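The values are calculated or read from the model by the stated rules, or taken from the named source; none is laboratory data. In this text the structure is predicted, and so the values were computed from the model without any measurement. For the accessible areas, the whole protein counts, side chains as well, though only heavy atoms, and no ligand, DNA or RNA atoms are used. Shrake-Rupley method; radii C 1.70, N 1.55, O 1.52, S 1.80 Å.
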Amino acid sequence: GPLSDKPLMEVRLGELHTWISTCDFSPQGLLGTVQKAWNSYYAKYINVRRGGPAGISMLLAGYCLLSYSWNYQHFKRHRWRKYH
């Protein structure tokens with residue numbers, strides 16, 4: 001099929017520049033990409049018949065890492081002021 005229909009993991013390194021140039025970077029295109037990624041993740045890890053806690057655990061771990069990274073600078077500044 002056309003190069004623009006291939007998922008990123010199926011694109012060869014020599015085709016990467018051409019594949020990126022076919023992507024839609026408008027707000028609507030980016031929203032569609034995020035929605036497609038979420039649907040794929042949901043179908044693979046959460047909405048399964050015999051699924052385990054892996055999908056929800058990955059979401060929780062991602063949230064914890066993201067929350068820590070948001071607050072890390074605050075912790076670092078606060079600790080520095082406290083001891084110096």
Notebook entry, point to check: What number of residues within the range 30-84 are assigned by the TED database to the domain that holds Ser4, at pLDDT 80 or above and among the hydroxyl-bearing types (Ser, Thr, Tyr)?
Noted result: 4
Margin query: Can you tell me how many residues within the range 1-46 are open to solvent by less than 100 Å² (accessible area, probe 1.4 Å) and in a helix (DSSP H, G or I)?
Written below: 23
